[in-house]
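Enquirer: My structure is below; once you've seen it, I'll send some questions.
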Amino acid sequence: MKALAAEASKLASSPAVWIAAAAGVLVPGVIAAITASSALGAITRGTEANAAIDTGYQELAFGVAGAIILGVVGVSGEYVTESAESGGGRQITTSLTVVPSRLRFLLAKMSAIAVSGALLAITATVTTMGVVRVVLGEHAPAWGADDVPRLAGVVCYWAYTALLASAITVLTRHGVVPLAVLIANTSVVSVTYLLTKITPLANYLPDMAGVRMFIRQLADSTAEISPLTGCLVMTIWVTVLLVIAVISFTRRDA
Amino acid sequence: MITIDNLVKRRGSAKILSGVSFRARPGRVTGLLGPNGAGKSSTLRILLGLDRATSGTALIGSVPFVKLRDPLATVGAMLDGSGAHRARTGRAHLRWVARSAGLPRARVDEVLEIVGLTNAASKRVGGYSLGMGRRLGLATALLGDPEILVLDEPVNGLDPDGIRWIRTLLRERAASGRTVLLSSHLMGELAATVDDVVVVNEGKVVADGTLDEVTGPYGTLEDAFFALTTGGAP
């Protein structure tokens, strides 16, 4: 528990983590405001009957970028090297001399990142859905029983994505590459999505499967995956990558 | 007591350490001396469980470092630089370290006072000078008031005042029966600080004894060092 408290303290005192949190809340919130007002325009003009079923959820699928940043910087911060003039030290040496068990250290770090990712998801969800409801008013999609598992799915997706990003960064020991690749994949060009056009198997990649937990109308879907199956597939991905990260981390010199 | 026994470390085809053995005893300051690349840092990193030895053992008391129950209260360590992330403040760095051992926040302010960083505690580590970073590293090592200090090049980057200060601090720790193991490539600063000397060169121990024993025939520690590490007379 002490190791977990130390990791939580590290996250809370890191400016990069607060940037991640701001991105995680603002990105989906702002996009939701834009898409909801254009939807409102379409509804009042009569070209659309009502808002799409994925209103708000679609934006939260983008906002997961905040969880990616969180997961990456939570690990890469350990490996940032001070300038040569400052002695060229790295935080990881301090971390492992105060919590010598590699396994305990990594489990504490991953737990802190998963919990933070979930808290960030809850904050982003409340904000995004709030924006949707404020903008669309009576035209906002009505809450139904299906929204409970969908909202839980958002939280799960964000926490899992933060863990995937962390596990990859444990392997690279550097934040730039995982950050660039993972962020580009969720925002600019979704490579995983394009792959689904080539092979239906790509639907089982972690992000493509994971979004099924809360997205109901995936554009040009090439496979039917239920929310529960999507959750299961992403759980397997996260577990496998975490196991690889633990094996690598406990074997390599720090 | 620190017991290093026949440490061998290979990295690829390079042999970093080829059978390093020595002890660092309580109540004494032990200096691990050698030129850059001699294997001093590798020895300390293996002792602290950061790197894995190809063979041999490094023990704190009777257990390896990674098996210690309360590491921060047993061994205080300082390696390169400050060991802190540059975006964090000095105080925030010490706070997470304190949390890892369940130490009270007040202890953070105490060590900041001891190393003279109280006024810079709210500044980000990225803005610290080399000397300030070293002081922060030392504050981290002192947090748990440990029995043993392991310091890699502690006087690097310190001004003459800082060097005198750290010398006094280390002498006091040893006088109270604690163990201090430090590495250095600076002979002049070390002669007045250490009781025992271990000289390493090219991954091997070339001399091991009290300061007098090692200095012995050479007159000064510096002359002894050059004679032992370059293989010829100074």
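The values are calculated or read from the model by the stated rules, or taken from the named source; none is laboratory data. If you're wondering where the values come from, they're calculated on a predicted model, not measured in any experiment. Here Cβ is always computed from backbone atoms with ideal geometry, including for glycine, and neighbour counts include all displayed protein chains. Accessible surface areas use protein heavy atoms only, side chains included; no ligands, DNA or RNA. Shrake-Rupley method; radii C 1.70, N 1.55, O 1.52, S 1.80 Å.
Enquirer: Using only protein heavy atoms and a 1.4 Å probe, how much accessible area in total is buried between B and A, to the nearest 100 Å²?
Expert: 2800 Å²
Enquirer: Next up: Once you put a point 7 Å from the Cα of B:Thr168 and another 7 Å from the Cα of B:Ala73, both along the Cβ direction, what distance in nm separates them?
Expert: 2.9 nm
Enquirer: Count the DSSP beta bridges whose two residues both fall in the protein assembly as shown, then state the antiparallel fraction as a percent rounded to the nearest 5. All intermediate terms of the calculation are to be shown ahead of the outcome.
Expert: Details: 22 of 40 bridges.
Antiparallel bridges make up about 55 percent of those DSSP assigns within the protein assembly as shown.
Enquirer: For the pair A:Thr192 and A:Ser37, what calculated FRET efficiency results from E = 1/(1 + (r/R0)^6), where r is the Cβ-Cβ distance and R0 = 25 Å, to the nearest 0.05?
Expert: Computed FRET efficiency for A:Ser37 and A:Thr192 comes out at 0.30.
Enquirer: From the residues A:Ala140, A:Ala108, A:Leu163, which one has its Cα farthest along the dipole of region A:2-251 in the positive direction, the dipole being from +1 and -1 charges on Cβ of Lys/Arg and Asp/Glu about the Cα centre?
Expert: Farthest towards the positive pole: A:Ala108.
Enquirer: Where the centroid of each part is defined by its Cα atoms, how far is region B:88-147 from region B:185-226 in Å?
Expert: Taking the Cα centre of each part, region B:88-147 and region B:185-226 sit 31 Å apart.
Enquirer: Quick check on packing: order A:219-227, A:3-11 by the mean number of other C-beta atoms within 10 Å, highest mean leading. Please report the intermediate quantities before stating the final value.
Expert: On the way: A:219-227: 13.0, A:3-11: 21.8.
Per-residue mean Cβ counts within 10 Å order the peptides as A:3-11, A:219-227.
Enquirer: A follow-up question, please. Which FRET efficiency value, to the nearest 0.05, do you get for A:Met1 and A:Glu138 by plugging their Cβ-Cβ distance into 1/(1 + (r/R0)^6) with R0 = 45 Å?
Expert: 0.40
Enquirer: How large is the helix-only mean residue ellipticity at 222 nm for the protein assembly as shown, computed as the sum of -39500 (n - 2.57) over DSSP H runs with n ≥ 4, divided by its residue count, in deg cm²/dmol to the nearest 500?
Expert: For the protein assembly as shown, the value works out to -17000 deg cm²/dmol.
Enquirer: How high is the relative contact order of region A:2-251? Use alpha-carbon pairs under 8 Å, at least six apart in sequence, and give a whole percent. Kindly include the intermediate steps, with their values, before the conclusion.
Expert: On the way: 338 pairs, mean separation 61.2, N = 250.
Dividing the mean separation by the residue count of region A:2-251 yields 24 percent.
Enquirer: Straight-line reach from A:Lys109: which aspartates and glutamates have a Cα under 12 Å away, not including same-chain ones fewer than 8 places off?
Expert: A:Glu7, A:Glu78
Enquirer: Residue by residue through A:98-110, how many Cβ atoms from other chains fall within 10 Å of the Cβ on average?
Expert: 3
Enquirer: When every alpha-carbon pair in region B:2-228 is counted, what percent end up more than 33 Å apart? Before the final figure, lay out each step's value.
Expert: Numbers: 3659 of 25651 pairs.
Counting pairs separated by more than 33 Å, the tail of P(r) holds 14 percent.
Enquirer: State the answer as a single residue: which of A:Ser226, A:Thr47, B:Leu130 lies farthest towards the positive end of the charge dipole of the protein assembly as shown, with beta carbon charges of +1 for Lys and Arg and -1 for Asp and Glu, about the Cα centre.
Expert: A:Ser226
Enquirer: At a 1.4 Å probe, what is the % contribution of carbon and sulfur to the accessible area of region A:2-251?
Expert: 73 percent
Enquirer: Output the peptides A:43-54, A:60-71, B:85-96, B:118-129 sorted from most to least packed, where packing is the average of other Cβ atoms within 10 Å over each peptide's residues.
Expert: Descending mean neighbour count gives A:60-71, B:85-96, B:118-129, A:43-54.
Enquirer: Then there is this: Taking square-rooted eigenvalues a ≥ b ≥ c of the alpha carbon gyration tensor, is region A:1-140 rounded, prolate or oblate, where a/c under 1.5 means rounded and, failing that, a/b exceeding b/c means prolate?
Expert: Note, shape of region A:1-140 comes out prolate.
Enquirer: Moving on to the next point. When the Cα centres of region A:216-244 and region A:23-57 are compared, how far apart do they sit, in Å?
Expert: 26 Å
Enquirer: Still on this model: Quick check: the angle from helix B:221-230's long axis to the longest principal axis of chain B, C-alpha only, nearest 10 degrees?
Expert: Roughly 60 degrees, rounded to the nearest 10.
Enquirer: Shifting gears a bit: Report the charge-dipole magnitude of region A:2-251 in Debye, nearest 20, computed about the Cα centre from +1 at each Lys and Arg Cβ and -1 at each Asp and Glu Cβ. Provide the component values of the computation, followed by the final result.
Expert: Values: 14 positive and 13 negative charges, 139 e Å.
The dipole magnitude comes to about 660 debye.
Enquirer: How many Å³ per residue does the convex hull of the Cα positions in the protein assembly as shown occupy?
Expert: Convex hull of Cα atoms, per residue: 159 Å³.
Enquirer: Right, next: Roughly how big is region B:2-228's charge dipole about its Cα centre, with Cβ charges of +1 (Lys, Arg) and -1 (Asp, Glu), in debye to the nearest 20?
Expert: 1140 debye
Enquirer: 7 Å from Cα along Cα→Cβ at both B:Asn119 and A:Ala22: what's the point-to-point distance in nm?
Expert: Placing both labels 7 Å beyond Cα along the Cβ direction yields 3.1 nm.
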